[in-house]
């Protein structure tokens, strides 16, 4: 019976592989299964029954567009990806640093990934690469001298065996408790008026008027395995909420419900979960006008008890109607309250606490969080009734400390989400959050960018590939 070693043996192999001394996440779940010759008649994988993969033997991608094989000089870890159309070398991957013979190659069922296997040296074990650009997606230490390797019906299933007639072991590479919390900040199409009227009085630009664009974006995200989309809703209250002549919140405007309903329908149709952000720190950032039109800056709704209760009264039916909708993962009560400088922090905290209390009363099954600006001040919310904590991280992935080191900020034992992080380093940010035992991470962003290079759109293939094998 084949088994995989855990505990110290697993850690030892991981240290050899990564050169670091941090404890990795639990190894992929593995179990012995009896499969009907999973390695027979495979063109998408090549094996080493005699000890090494024969030179010039190739593995062909399931879509028929590519083939991969070892290239000269042999036994030095050089793997080439070629076009089947003309045999041209498209990309070369340095998969091993020491002189060693190749043990196996295997294409993923979606033809996006190439798994490479070596025994001993660096990198020992199985390395999985994104075929499009040669990026290393995942490394797996192995506890047996396998000579047969092939993917199952999905990317996260990998079959392994020592011999062709021996027992087959299947590795399940997914950790769904993490990947189901990974995604992107939309964060808006039109800041502050995706849910509500146009604050400048011209053509409506909310979600219900942008249904096709919204569906196109969400469908694209779903195809790339994005699980969660964080979306800003009422922002600085420039729209969605109607104020009377005395400056008091008086009701929802005529577009608020239909716009939010459109967002929910789009998420439900595509299978993506939402993290709606109710308020933004721009409610009290000192900016009162844009292009000569009053926008936002409703600090009174935070610091004035009467206005605060009027606002929550207006929002009560909204929360009652939508609070427990199955498309909503959780409600983000306030984006970066750390940035509110014109209102006392006690008043901000009270405003957030009362909003949470209202939501709990009218939608008791709803989950809530707060989008904290940085990790260091997370302890500010330790007494709030939050389902998970959240902070935003725009430093390098190397600067994201493992969650075990959170003792210095006295956090309660709740999941911690990295709610915003830069998309320029998708693979390293995902890996750091996963290794650090965070609940997940959401990239900034899809739309709020100065140029397309800053958008997650350009990194979606890498995101999809990483999530498919973690």
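The values are calculated or read from the model by the stated rules, or taken from the named source; none is laboratory data. None of the values given here were measured: they were computed from a predicted structure. Don't worry about glycine lacking a Cβ; one is built from the backbone with ideal geometry, like all the others, and counts go over all protein chains shown.
Count of the range 347-406 residues, restricted to those that are within 24 Å of residue 326 (Cα to Cα), in contact with a strand residue (DSSP E or B) (Cβ under 7 Å, 6 or more places away or on another chain) and assigned to a helix (DSSP H, G or I), is 4. With respect to the conditions (1) within 18 Å of residue 128 (Cβ to Cβ); (2) touching a helix residue (DSSP H, G or I) at 6+ places or on another chain (Cβ under 7 Å), residue 184 falls short on a single one, namely (1).
When the range 269-290 is limited to residues that are surrounded by 15 or more Cβ atoms within 10 Å (Cβ to Cβ) and part of a helix (DSSP H, G or I), the one that is nearest to the chain's Cα centre (by Cα) turns out to be 270.
Within the range 213-252, being surrounded by fewer than 21 Cβ atoms within 10 Å (Cβ to Cβ) and within 24 Å of the chain's Cα centre (by Cα) holds for 213, 215, 216, 219, 220, 222, 223, 224, 225. Do we have any residue at all in the range 291-306 that's out of contact with any helix residue (DSSP H, G or I) (no Cβ under 7 Å at 6 or more places or on another chain), assigned by TED's automatic domain parsing to the domain that holds residue 373, surrounded by fewer than 19 Cβ atoms within 10 Å (Cβ to Cβ) and part of a helix (DSSP H, G or I)? Yes, that holds for at least one residue. Among the residues of the range 226-257, those identified as assigned to a strand (DSSP E or B) and either farther than 30 Å from residue 179 by Cα or touching a helix residue (DSSP H, G or I) at 6+ places or on another chain (Cβ under 7 Å) (or both) are 229, 231, 241, 242, 243, 249, 250, 251, 252. Tell me, yes or no, whether the range 159-168 has at least one residue that is out of contact with any helix residue (DSSP H, G or I) (no Cβ under 7 Å at 6 or more places or on another chain), part of a strand (DSSP E or B) and under 15 Å from residue 468 (Cβ atoms). No.
Take the range 315-329 and flag every residue that is buried (at least 20 other Cβ atoms within 10 Å of the Cβ) and in a loop (DSSP other than H, G, I, E, B). Within the range 315-329, 323, 329 qualify.
In this structure, does residue 67 turn out to be surrounded by 14 or more Cβ atoms within 10 Å (Cβ to Cβ), more than 28 Å from the chain's Cα centre (by Cα) and farther than 23 Å from residue 164 by Cβ? No; evaluated as a whole, the condition is false for this residue. When the residues of the range 168-198 are filtered to those that are over 24 Å from residue 444 (Cα atoms) and in contact with a strand residue (DSSP E or B) (Cβ under 6 Å, 6 or more places away or on another chain), the one that is surrounded by the fewest Cβ atoms within 10 Å (Cβ to Cβ) is 172. Residues that are within 21 Å of residue 163 (Cβ to Cβ) and part of a loop (DSSP other than H, G, I, E, B) within the range 109-149 comprise 119, 120, 124, 141, 142, 143, 144, 145, 146, 147, listed in sequence order. Each residue in the range 423-436 was checked for being surrounded by fewer than 18 Cβ atoms within 10 Å (Cβ to Cβ) and at pLDDT below 90, and 2 of them qualify.
Among the residues making up the range 80-90, those that are farther than 18 Å from residue 126 by Cβ and in a strand (DSSP E or B) are 80, 82, 83, 89, 90.
Per-residue answers, yes or no, for (1) in contact with a helix residue (DSSP H, G or I) (Cβ under 6 Å, 6 or more places away or on another chain); (2) closer than 23 Å to residue 402 by Cα:
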{"residue": "332", "(1), (2)": "no, no"}
{"residue": "342", "(1), (2)": "yes, no"}
{"residue": "363", "(1), (2)": "yes, no"}
{"residue": "366", "(1), (2)": "yes, no"}
{"residue": "379", "(1), (2)": "yes, yes"}
{"residue": "390", "(1), (2)": "no, yes"}
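Selection of the range 378-387 for residues being closer than 20 Å to residue 279 by Cβ, over 23 Å from the mean Cα position of the chain (by Cα) and surrounded by fewer than 20 Cβ atoms within 10 Å (Cβ to Cβ) yields 380, 383, 384, 385.
For the range 56-79, what are the residues that are assigned to a strand (DSSP E or B), farther than 18 Å from residue 149 by Cα and either without any contact (Cβ under 8 Å) to a residue 40 or more places away in the chain or not assigned by TED's automatic domain parsing to the domain that holds residue 113 (or both)? Matches in the range 56-79: 78 only. Residues in the range 119-139 that are modelled with pLDDT of 95 or more and more than 23 Å from residue 459 (Cβ to Cβ): 126 only.
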